Number of protein chains: 2
Amino acid sequence: MLAQEFIVSCPGKVILHGEHAVVHGKVALAVSLNLRSFLRLRCSKHGKVLLNLPNLGTHLKWEVATLQTLKTAFPVDAGDPKSPSPEQIAALKEFVGVVNGSVDTENLAVMAFLYLYLSIGAKYRVLPSLEIVVWSELPIGAGLGSSAAYNVSIVAALLTACGAVGFPAQADAESARWAAEELHLINTWAFRGEKIIHGNPSGVDNAVGTWGGALRYHAGKITSLERVPELRILLTNTKVPRSTKLLVAGVRDKILKFPDILNPVLTSIDAISQECERLLKEVNRNPSVDCFSVLEELFDINQHHLNVLGVGHPSLDRLCQVTASHGLHSKLTGAGGGGCGITLLRPDVDPNVVEAAKQELKACGYECWETCIGAPGISLHMFSGLKEEVQKVFQRFEKAEH
Amino acid sequence: MLAQEFIVSCPGKVILHGEHAVVHGKVALAVSLNLRSFLRLRCSKHGKVLLNLPNLGTHLKWEVATLQTLKTAFPVDAGDPKSPSPEQIAALKEFVGVVNGSVDTENLAVMAFLYLYLSIGAKYRVLPSLEIVVWSELPIGAGLGSSAAYNVSIVAALLTACGAVGFPAQADAESARWAAEELHLINTWAFRGEKIIHGNPSGVDNAVGTWGGALRYHAGKITSLERVPELRILLTNTKVPRSTKLLVAGVRDKILKFPDILNPVLTSIDAISQECERLLKEVNRNPSVDCFSVLEELFDINQHHLNVLGVGHPSLDRLCQVTASHGLHSKLTGAGGGGCGITLLRPDVDPNVVEAAKQELKACGYECWETCIGAPGISLHMFSGLKEEVQKVFQRFEKAEH
């Protein structure tokens, strides 16, 4: 028996240490970011599929019969999910009405949804009528894994609706998680959705969204770390736009220009990631003040190293200065050159200090979230288990729909 | 025949790259700083020795016969100059009236002078009557080698007055330098003077003062680099006091705490020093814009590394920010934790830019000099060859004396 209505949520991700160095064979640590995408799925009998993406202003409705016409591009595949084929992508582009080859965020989100709906439908021989709303706390295009959170949520919801994974409800818990092999299936499908959106993604974002906690990423291999603590952070978006591709190319050029100067810096960043991995286990056993001051030191050192690699930016210097003036330690996260920074908050930090730092960051024109890292991955929720703010968001949609 | 009156000048020094790393077996580059100590020596027949140190407010006069009483502590030594003995130091302390074991800058300067006067006198069997004035452009105790400039000047003047080194006057030149073996003798004696003031100096400061240009310092071995260009710089003293000893200990502790993270940083600093050494030769052959932009990049990278080592300071961050806002690149020089920073000035820099940066640095409460590095070491001058400002200083003393 399938559930008629449920809500899933999926975290974003931040790179704790090892951004850029990972491109050159070093270890990176990615952690879940507790800004989440929330998806509500309702099964219906009206023979329609509704996709509502309020962050993008997208409200689409298709007859299941219409989607059937696309189905020929999605043959039943008995094996593991593979990559989307060029023919499938071409068919999806035509269907969503991409003109002049220019594909925007909305196009990509709709294509990923349709791809997953049709592939999963073909695989499990069912194209259900349903209404899906995805609302996200994550800013889009800020390197925080918003597309992975979207894909993982869609996949978990569709696989659950099709009965391909179980309904992991627990009587007492406000949220529940799937079993390991189900998570593996969710992650594999979500990676295919990521390929629609990003072409050649690393797979780190969907893995973090699926498993939550922290992951070690090294030479293309992703390993989930066991028992990682949740750590409080301030996430700040400088809103300075940047090109990850150009930043990565800049680092490569700098390494080629000064190999003897830059390679040791990558070695040092690698050691920082490994020391941080060791510390996260340590914090879990014994969350002493010492652990936190070392985590802070590692933030400071890596921020200097990232500046040496040439991926700093005056907006990030400003972010670090502002937080340092409140005794807090920050580093850029992800590509750099603007984008986001994370600030570690000790468990015992004075709330007034955090508030003052946030106000000052906002006065710089930055967006700022007090949240945590290391939170659970894709989860299923009772409506009543959602925090009030999210309940209100869904109630607002409800009113708008009717 | 000995000259009756002459003027010598000696440069200070700055560390271009490798401060702190040198303590851990890496290469450091020390360069002469064209803020100089000027010494005027006048031979007289009045049987007196006058020492005038206007920077310290010191005006002393002794009968040569009185100094003879100290001479028993300074036996004729046929070999190379050795270290001052504990007995000599004790005799000098008593003579200058050190009370309670507390030795101030003036005491040390006078002890070094008397030590050199008596040792050189004993060696060359002459205690001349003379008047010495030493006036310095260098701030004292700022890590800029002011004591070495003092000692090298005194030694060059005394050895010249005793006839132990020749009088290198050239008819056409405004200043002249001694021959290599004479410079070696000057440096060896000056190192003894440095031992009086610093106890256990590295010998780098007196070597830079003697030879000028640039020196490579590695594992206790000092090598003079050939044909180093003069480079324009801004030298800024933040005037934030610091303890070199504590800073060095802090770096050592940090390396012990995070060996895998910090040792690669030392390796990178080593590579910076070596790249800079290569570039200095390159600039001399072909002073292209490219060379200067690489020198600037090396400044930026090393400044980040020094911050990683924990020897940065908000006052130095400020210095770097102010100069960066004018398109100029800076790093701390020496011990860090405050103290001095150097800013590279390209040959074609707009004077208005330099002036604006200087004004802004002065507004921070910093002291600022526009000067150059790589200038000649100890030199002998015609009075007429001195820059007008220095001529005026000596003319002012003249009036005050008579």
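Among the numbered conditions (1) assigned to a loop (DSSP other than H, G, I, E, B); (2) buried (at least 17 other Cβ atoms within 10 Å of the Cβ); (3) hydrophobic (A, V, I, L, M, F, W, C), tell me where residue A:215 comes up short.
Here residue A:215 meets the rest and fails (1).
Residue by residue through segment B:240-261, note down the ones that are within 14 Å of chain A (Cβ to nearest Cβ) and surrounded by 13 or more Cβ atoms within 10 Å (Cβ to Cβ).
B:250, B:251, B:254, B:255, B:258, B:260, B:261
Contact list please: Cβ distance under 6 Å, first residue in segment A:104-126 and surrounded by fewer than 19 Cβ atoms within 10 Å (Cβ to Cβ), second residue not in a helix (DSSP H, G or I) and not aliphatic (A, V, I, L, M), pairs at least six apart or on different chains.
These pairs meet every condition: A:106/A:58; A:122/A:74.
Within segment B:310-337, how many residues turn out to be surrounded by 24 or more Cβ atoms within 10 Å (Cβ to Cβ) and of a type in the set (A, V, I, L, M)?
4
Residues of segment B:164-187 being in contact (Cβ under 8 Å) with a residue 24 or more places away in the chain and closer than 11 Å to residue B:120 by Cβ, which ones?
Once the filter is applied, which keeps residues that are in contact (Cβ under 8 Å) with a residue 24 or more places away in the chain and closer than 11 Å to residue B:120 by Cβ, segment B:164-187 yields B:164, B:185, B:186.
If we scan segment B:76-88, do we find a residue that is assigned to a helix (DSSP H, G or I), assigned by TED's automatic domain parsing to the domain that holds residue B:391, surrounded by 18 or more Cβ atoms within 10 Å (Cβ to Cβ) and touching a helix residue (DSSP H, G or I) at 6+ places or on another chain (Cβ under 6 Å)?
The answer is yes, given that some residue of segment B:76-88 is assigned to a helix (DSSP H, G or I), assigned by TED's automatic domain parsing to the domain that holds residue B:391, surrounded by 18 or more Cβ atoms within 10 Å (Cβ to Cβ) and touching a helix residue (DSSP H, G or I) at 6+ places or on another chain (Cβ under 6 Å).
Is it true that residue A:131 is surrounded by fewer than 24 Cβ atoms within 10 Å (Cβ to Cβ), assigned to a strand (DSSP E or B) and of a type outside the set (Gly, Ala, Ser)? Working first, answer last.
Values: surrounded by fewer than 24 Cβ atoms within 10 Å (Cβ to Cβ): yes; assigned to a strand (DSSP E or B): yes; of a type outside the set (Gly, Ala, Ser): yes.
Taking the combined requirement at face value, the residue satisfies it.
Tally up the residues in segment A:379-401 that are in a loop (DSSP other than H, G, I, E, B) and either charged (D, E, K, R) or not assigned by TED's automatic domain parsing to the domain that holds residue A:34 (or both), please.
Going through segment A:379-401 one residue at a time, the tally reaches 1.
Does at least one position in segment B:269-285 carry a residue that is surrounded by fewer than 16 Cβ atoms within 10 Å (Cβ to Cβ) and under 25 Å from residue B:142 (Cα atoms)?
Checking segment B:269-285: not a single residue is surrounded by fewer than 16 Cβ atoms within 10 Å (Cβ to Cβ) and under 25 Å from residue B:142 (Cα atoms).
Quick one: in segment B:286-310, which of the residues that are small (Gly, Ala, Ser) and either away from chain A (no Cβ under 12 Å) or without any contact (Cβ under 8 Å) to a residue 60 or more places away in the chain (or both) is nearest to residue A:304 (Cα to Cα)?
My answer is B:293.
I'd like to know if segment A:262-277 contains one or more residues that are part of a helix (DSSP H, G or I) and more than 12 Å from chain B (Cβ to nearest Cβ).
Checking segment A:262-277: at least one residue is part of a helix (DSSP H, G or I) and more than 12 Å from chain B (Cβ to nearest Cβ).
Can you find a residue in segment B:88-97 that is over 21 Å from the mean Cα position of the chain (by Cα) and under 18 Å from residue B:162 (Cβ atoms)?
no
Give B:242, B:232 a once-over and let me know the one that is of a type in the set (Lys, Arg), within 22 Å of residue B:332 (Cβ to Cβ), outside any helix (DSSP H, G or I) and modelled with pLDDT of 95 or more.
Result of the check over B:242, B:232: B:232.
Looking only at residues in segment A:311-343 that are within 13 Å of chain B (Cβ to nearest Cβ) and of a type in the set (S, T, N, Q), which one is farthest from the chain's Cα centre (by Cα)?
A:325
The values are calculated or read from the model by the stated rules, or taken from the named source; none is laboratory data. From a predicted model like this one, the values you see are computed outputs, not experimental measurements. Virtual Cβ from ideal backbone geometry, glycine too; neighbours counted across all protein chains shown.
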